[in-house]
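To start, the structure itself, in structure tokens.
The values are calculated or read from the model by the stated rules, or taken from the named source; none is laboratory data. Because the structure is predicted, anything quoted here is derived from the model rather than measured. As a convention, Cβ positions derive from the backbone with ideal geometry for all residues, glycine included, and neighbour counts pool all protein chains shown.
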Amino acid sequence: MAVTAGRPKRGALLPSRLTDATNSRIGSLVLYVIRRLLWMIPVVFFVIVITFILMHSAAGSPWDKSGGRQLSQVIVDNLNKKYGLDKPVFQQFLLYIWNVLHFDFGLSYQYQGKSVVELIGGGWPYTATIGVLAFALIVPIGVGLGVLAALRQNTRVDYATVGFATFSASFPNFVIGSLMIVFFSVLLYKWTGGQFFLPAGGWGLDDHLIMPSVTLALLPIAYTARLTRASTLETIRQDYIRTAWAKGLSERLVVIRHVLKNSLIPVVTTLGPTFAFLVTGSVIVETVFSIPGIGRAFVVAVTSRDYPMILGTTVLFSVIIAAANLVVDVLYVFIDPRVRLT
Amino acid sequence: MALPVAAVEGAPIDWEVPEQQVGLWSDAWQRFRRNRLAVLGLGIVIFLVGVALISPLLVHFGIIHDPIKQQVESIETPPGVNGHLFGTDILGRDTLSRLMLGSQVSLTVGLLVQGIIFPIGLAIGLTAGYFGGRIDNLLMRFTDIWYAFPDLLFVLVVVSVWSVNGPWFVQLIPIFGAIALVNWVGLARLVRGQVLSIKEKEYIEAARASGSSPLKLILKHMLPNSLGPIIVTLTFGIPNAIFLEAVLSFLGVGIRPPQPTWGQMVADGTEAIYANPTSVVFPAFAIGFTLLAFSFIGDGLRDALDPRMRR
């Protein structure tokens, strides 16, 4: 009995040790998140600075008309006054930063009487719908194809997946979108005599969504599938997988419980870039399919030199991307216990 | 020309063997040649370069149609009608000759942008990696910020702001600048990483101990040893640059007409997509397969130049 008394009580010691470890981990996680959030401030500030400098280094003014009648000097002066363009550039910059801190992104030059916040708010539902749908396609299809290809390595399934991934990674999404319109809108319409086809553009909550979201999702699917395949191939060569097989687990159990859980860890890191891609992809896809979202609004703003709109959308996009990267990094800590926060 | 492997291995260490250098490259070439897709990609690219070079001559001598001449009698013809092998577009311009002339723009952008990125990325990456400390820290913070900026959006803004008038190669200058601005960071990061890992190697220590100057260390030891990954990165940069230029043209802020570009042709084709879908299909496939060819070459080079792949 003396021996037992001298031995540390397992039941008492272990949980408290565990809680300590968990507490410090969560503590450092909170610090990490705060630090990353603070780091977003200089990032967004620099994005504004760079875009602002670019805007103001442009030759000509936003009121120049390409060809045809120019505005009279009086009107130009009044417009400059209205939008604060008559002030020194540095003062404009400070004013802009001050307004941004109050969530005021200014008035659009292009759409009279509309603020940038209103315009972005108006386009947001379209962009978000397409983005969410694409995301819902990317993860299951990309991961599924990748795992399947790795488990059936060097078979037709594998070659087909790798081929598909290589092709869709090389074809830009405006090319894929245009080709899809040719096949599913034009040719399908002709072949079926107008019975069955997909609409080439516009908005509606039905078949209008299919082609835009597939176009947007295709490249991330290819990317995810490639990465999942590589990481699964590495996982199935590990000793613990051999052990799992050796102790007689069914294929289903080995794949789901042992292979998938480990091979999906690196895949999570791609979700950050995927999100960034969905944001920039929306610019192209919304143009191809004439969807009135933020991406389309950005292109219109760029071609018509609508400076406040360009600044507003750029800031929004970079905040979204920075936030998505932060979420992914935090998610990673939860998924992989080996990750150290630095 | 390479020495037999056994002879090299058996020979005493001779610091002045140029054959060693030749051996690396010819070895890489051997492995590259065995990769059928890479050779196919190389073939396509050589073909495209040929097309881009001779198409102005072909137009000059009237062998192919003038790409900017509007033939009103044959608007939106399907392929093979009226001597238009690939048909015509909405303004009655020959699709085939526009495709051939358009390859000039894509290839120029793809190849020349790398020529701009290479010295910038190399210089900054080498400096940051070699000297470390504050310069390195500054570069890495800068890179972090740069990465928050979606490159397509940045290129769009820059090109819309800095557009210039003139012939197409003059119009290309801001596009070069914009694409290089977003892409040098990746190369600088890669070079920095390479230098950081090579810096700790014994042969660098030996060279430093024997009194080599920093410049000689960088140029004679670090650069040649990190050249493989740099070449691969530059090769993968080519399709990226071509893609960005095509998107710009497609969105209407790139090269302005009359010079045909592939992105512009896709955009023009979608205007009348129901009347003549082929005027979209041909330029779309031209873009896709060109990018594919370059990424095949990139894959082949990566496998060929990776020392771990050597038998």
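Within the stretch A:280-294, being buried (at least 24 other Cβ atoms within 10 Å of the Cβ), assigned to a loop (DSSP other than H, G, I, E, B) and within 11 Å of another protein chain (Cβ to nearest Cβ) holds for one residue alone: A:Phe289.
Contact map, the stretch B:258-273: first residue more than 11 Å from chain A (Cβ to nearest Cβ) and among the hydroxyl-bearing types (Ser, Thr, Tyr), second residue assigned to a loop (DSSP other than H, G, I, E, B) and surrounded by 22 or more Cβ atoms within 10 Å (Cβ to Cβ), Cβ cut-off under 7 Å, separation 6 or more or different chains; pairs are B:Thr261/B:Gly254; B:Thr261/B:Ile255.
When A:Val300, A:Val279, A:Val315 are checked against the criterion of being touching a Pro at 6+ places or on another chain (Cβ under 8 Å), under 26 Å from A:Phe52 (Cβ atoms) and in contact (Cβ under 8 Å) with a residue 40 or more places away in the chain, a single residue qualifies: A:Val279. Does B:Gly129 satisfy the condition of being buried (at least 20 other Cβ atoms within 10 Å of the Cβ) and either not in a strand (DSSP E or B) or not β-branched (Val, Ile, Thr) (or both)? Answer is yes for this residue.
Tell me, which residue of the stretch B:116-173 that is touching a residue at least 60 places away in the same chain (Cβ under 8 Å) and hydroxyl-bearing (Ser, Thr, Tyr) is farthest from B:Pro258 (Cα to Cα)? Per the stated criteria, the residue is B:Tyr130. In the stretch B:102-113, the count of residues that are at pLDDT below 85 and either in a helix (DSSP H, G or I) or buried (at least 16 other Cβ atoms within 10 Å of the Cβ) (or both) is zero.
Any idea which of A:Arg242, A:Arg226 is of a type in the set (D, E, K, R), out of contact with any Phe, Trp or Tyr (no Cβ under 8 Å at 6 or more places or on another chain), more than 11 Å from chain B (Cβ to nearest Cβ) and surrounded by fewer than 17 Cβ atoms within 10 Å (Cβ to Cβ)? On inspection, the qualifying residue turns out to be A:Arg242.
Residues considered: B:Val185, B:Val195. Of these, the only one that is surrounded by 22 or more Cβ atoms within 10 Å (Cβ to Cβ) and under 30 Å from A:Val302 (Cα atoms) is B:Val185. Among the conditions (1) buried (at least 16 other Cβ atoms within 10 Å of the Cβ); (2) closer than 22 Å to B:Thr270 by Cβ, B:Ala52 misses just one, which is (2). The lone criterion from (1) assigned to a loop (DSSP other than H, G, I, E, B); (2) away from every other protein chain (no Cβ under 14 Å); (3) touching a residue at least 60 places away in the same chain (Cβ under 8 Å) left unmet by B:Gly254 is number (2).
Go through the stretch A:143-171 and report how many residues are within 14 Å of another protein chain (Cβ to nearest Cβ) and touching a residue at least 60 places away in the same chain (Cβ under 8 Å). It would help to see each step written out before you state the result.
Residues of the stretch A:143-171 within 14 Å of another protein chain (Cβ to nearest Cβ): A:159, A:162-171.
Okay, now just the ones that are also touching a residue at least 60 places away in the same chain (Cβ under 8 Å), so A:162, A:164-165.
Going through the stretch A:143-171 one residue at a time, the tally reaches 3.
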